[in-house]
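Working notes, beginning with the structure itself.
The values are calculated or read from the model by the stated rules, or taken from the named source; none is laboratory data. Just so it is clear, the structure is predicted and the values come from calculations on it, not from any experiment. We place every Cβ from the backbone using ideal geometry, glycine too, and count neighbours over all the protein chains shown.
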Amino acid sequence: MVVVVIGIIRAHNLFAVVILGGAYSFLLATVLVVLDAVDVAMTEAAVGAGMSTVLLLAVLHLTRTREAPLRHAPAIPLLVCLLTGSALVYATVDLPPFGLADNPQNQHVAPYYLENAEKETKSPNVVTAVLASYRGYDTLGEVTVIFTAGIGVLILLSRRRRRRRDLIVKDEGGSKHDA
Amino acid sequence: MTEILADLNYWVTIFLLMGGLYIIVAHGNMVKKLVGLSIFQTSVYLLFISPGKVLGGTAPIIAPGFELYSNPLPHVLILTAIVVGVATIALGLALVVRIHEAYGTIEDDEVQEMEAD
């Protein structure tokens with residue numbers, strides 16, 4: 001994944017960037033399976049690697065496929081990223097060790113879900129039970145977000161279609177006039 | 001040595017975070033900026049999921065014969081985040097298409113120059 005990200009940073013052909021992005025998503029899905037997050041891995045493979053790639057390719061079809069070279073040396077962004085990164089690495093020293101069942105984050109509400117989800121919701125998949133039942137309002141909010149984004153995309157792209165139609169009508173009017 | 005390896009997952013996550021941030025800040029092409037944004041988002045998925053893993057545990061689907069499960073809560077939160085992420089990307093790409101129509105370019109430097117003229 002690290003190698004793929006370096007490739008994305010260096011590539012100037014946007015097709016290569018998009019395809020590397022798809023490869024990155026599949027690699028992430030594999031890592032998620034290893035980390036026991038099978039539902040998330042499936043969603044990431046379908047949505048991240050499938051849908052995002054298709055959307056990006058569609059946009060490349062509508063626009064252009066080469067990136068202009070950088071105009072100024074990227075010294076300041078690089079410095080900012082390195083500083084932030086080293087601060088974050090320093091912060092990992094205080095984090096609990098990897099993979100122990102008695103870490104604080106694994107002792108909060110998760111044991112309750114694991115013990116009672118099947119009894120209370122009749123679903124053996126705890127992730128589904130939490131998503132649809134215990135944290136159903138989150139999912140409702142998520143649906144609202146998708147709905148809003150969908151409306152936004154439709155509004156943005158419908159203005160474009162209307163203008164194109166106006167242009168066609170104008171062209172036809174012009175040609176009639178010529179005739 | 002095991003202590004160094006124990007934080008490796010966080011370090012990879014941090015590298016991916018910073019790589020995404022660098023692409024967003026340093027590159028002017030808007031499609032590439034959006035790819036960088038999605039890398040930033042996906043590294044946050046990793047940041048959430050990896051502390052929820054329990055060594056020796058299995059996926060949180062209750063089945064006889066398994067006692068130890070990984071933490072299901074981050075999985076739920078990240079499922080929501082993935083979908084919100086793709087909604088963000090879709091909206092951003094629609095904006096890119098509109099900008100390309102209005103200005104004929106998707107480089108933000110060129111757009112700013114046209115605005116200045």
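Quick notes on this structure:
- The listed residues are A:Val5, A:Val18, A:Val54, and the only one of them that is in contact with a helix residue (DSSP H, G or I) (Cβ under 7 Å, 6 or more places away or on another chain), of a type in the set (Val, Ile, Thr) and more than 30 Å from A:Gly99 (Cβ to Cβ) turns out to be A:Val18.
- Considering residues of the stretch B:64-117 that are out of contact with any helix residue (DSSP H, G or I) (no Cβ under 9 Å at 6 or more places or on another chain) and within 30 Å of A:Ser123 (Cβ to Cβ) only, the residue farthest from the other protein chains (Cβ to nearest Cβ): B:Gly65
- Looking only at residues in the stretch A:81-112 that are over 18 Å from B:Phe48 (Cα atoms) and facing another protein chain (nearest Cβ under 7 Å), the one that is surrounded by the fewest Cβ atoms within 10 Å (Cβ to Cβ) is A:Thr84.
- The lone criterion from (1) buried (at least 18 other Cβ atoms within 10 Å of the Cβ); (2) not in a helix (DSSP H, G or I) left unmet by B:Leu55 is number (1).
- Residue check, A:Ala101 in a helix (DSSP H, G or I) and either at pLDDT below 85 or aliphatic (A, V, I, L, M) (or both): no
- Output for the stretch B:64-90, where each listed residue is of a type in the set (A, V, I, L, M), in contact (Cβ under 8 Å) with a residue 24 or more places away in the chain and under 25 Å from A:Leu100 (Cβ atoms): B:Leu77, B:Ile78, B:Ala81
- Scanning the stretch A:1-17 for residues that are assigned to a helix (DSSP H, G or I) and more than 7 Å from chain B (Cβ to nearest Cβ) yields A:Val3, A:Val4, A:Ile6, A:Gly7, A:Arg10, A:Phe15, A:Ala16.
- Filtering A:Val34, A:Val38, A:Val59, A:Val17 for residues that are surrounded by fewer than 19 Cβ atoms within 10 Å (Cβ to Cβ) and over 13 Å from the mean Cα position of the chain (by Cα) leaves a single hit, A:Val34.
- Residue, farthest from the chain's Cα centre (by Cα), within the stretch B:8-26, restricted to residues that are within 22 Å of A:Arg71 (Cβ to Cβ) and more than 7 Å from chain A (Cβ to nearest Cβ): B:Ile24
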